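Enquirer: The structure follows.
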Amino acid sequence: MRGSLLVAQWEFRKTLRNRAVLLSTFLFPLMLITLSVVMPVVVESLSRQSTVTIGVVDETGAVWPELEQRVEDARFTLQRVADPDAAERALVAKELGGVLLVSQAGLAQGVVPYWVRGVTETPPAGLGTIVNEAIRTVRLREAGLPVEEVMPLVAGVSLMAQPRVQGERSVADFAVSFGLAFLLVLATLITAGVVMNSVIAEKTSRTVEILLSSITPRDLLIGKVLGYGAIGILQVAVWAAVALVAASRFLPGIWTALSPQSVVIAVGYFVLGYLFSASMYALLGAMMRDLQSSSQSVSWVAIIPAVPLFVISFIIQFPDVGWVRAMGFIPPFTATTMLFRTAVTSVPLWEILATMAVLALTDYLLVRLAAKVFEVGMLMYGKSASPREVWRWIRRNPSSVG
């Protein structure tokens, strides 16, 4: 084990000095901050500076005064136009961003046409609310009803979810578990494949024979998995910290609302899930003869932790259904499935411990298997190992992976 730790330390330091790794570690969070924090501020500032002018053709004569009173704080202005023909000409000439056509017939049918230049254009946000309030006021006055008394009675209401069951997940806990689930998939796609390339490079390197004179193939491969695994987890830790900073703009108080227990569980699943992916890549690298022969195998390994994403809506809506819980015990899907489940519901402690134990045992067996394949594969110059050959090696010496 001491040899594995020395290799892990060497790989960690060597990779950390790589400029490409440093760029991916810190450039990605910088882009995240730019897209999630800086860009919305810039877009909001630009939207305040540029306003859309909406033409209003009011054939009733009663709706326009009500509209004019309600448009003060909106991000658009209203301009009254005498007739539909003039409004259409101004719209085609791009002097107006849209045209409201208010008529008695339309009000009777509950329809107010909104003219635009193309099918991709839509009414600006808030215009529908203003039009509805104005028309409602006009109707009340025409019916002889007191507007100030009736308007509160017909005002709409909005639904606000407020969990009342003790132990349910907070918004902060949801954000951490959900975010780590997506980061796990992202990290697998971006960083875990480096393990496979490194293992293949060692197999094809002539200096590896000198290296193996002082360390066993098993220690070499386990050290690589641990070293590159530590690099991947460090990268994601930086990304997650930056993501929390960005999320605090939209979820004030997220830091104080975090539950330490939820964070520990989410991080535990992430680490075990990432080690599973790294071990799978290491096993593939041990089976391949060169980088070219590995290109076809990378895609299906990369998609494994992403499988729960295809049923994410069902997992979120029904996290305690039998087959969803069963997915948590299937190692390739355990980490992502359980991160999604713990994000939306309180999973029993025994189930958390059991799934973590299954995943940890699988990680251990995968690393041992990859080490055995790597050790035998060192003798197979220029040839990839087939799954049948790997199974034959295991049957000959089952204790090597147990």
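None of the figures in this text is laboratory data; all of them are computed from the coordinates on show. Predicted model only: the values in this text are computed from it and were never measured. Quick reminder, even Gly has a Cβ in these numbers, built from the backbone with ideal geometry, and neighbours come from all protein chains shown.
Enquirer: Fewest first, what order do Ile54, Ile304, Ile200 take by the number of other Cβ atoms within 10 Å?
Expert: Going from sparsest to densest Cβ surroundings: Ile304, Ile200, Ile54.
Enquirer: Please give the peptides 219-226, 59-66, 364-371 ranked by average Cβ packing (other Cβ atoms within 10 Å per residue), highest first, as a rough proxy for protection.
Expert: Ranked by mean Cβ neighbours within 10 Å, highest first: 219-226, 364-371, 59-66.
Enquirer: When the Karplus curve 6.51 cos²θ - 1.76 cosθ + 1.60 is applied with θ = phi - 60°, which whole-Hz ³J(HN,Hα) does each residue of the stretch 86-97 get, with x for Gly and Pro?
Expert: Using θ = phi - 60°, the values come out as 5, 5, 5, 5, 5, 5, 5, 7, 6, 7, 10, x Hz.
Enquirer: Then there is this: Pop out the ³J(HN,Hα) list for the stretch 5-15 in order, Karplus 6.51 cos²θ - 1.76 cosθ + 1.60 with θ = phi - 60°, rounded to Hz; leave Gly and Pro as x.
Expert: 5, 5, 5, 4, 5, 5, 5, 4, 5, 4, 5
Enquirer: On to the next question. For a quick check: sort Arg70, Arg341, Arg17 by the number of other beta carbons within 10 angstrom, fewest at the front.
Expert: Exposure proxy ranking, most exposed first: Arg17, Arg70, Arg341.
Enquirer: Under 5 Å between amide hydrogens, which residues at least 5 positions from Val56 or on another chain qualify, with H placed 1.01 Å from N in the peptide plane?
Expert: Result for Val56 returns Gln79, Arg80, Val81, Leu100.
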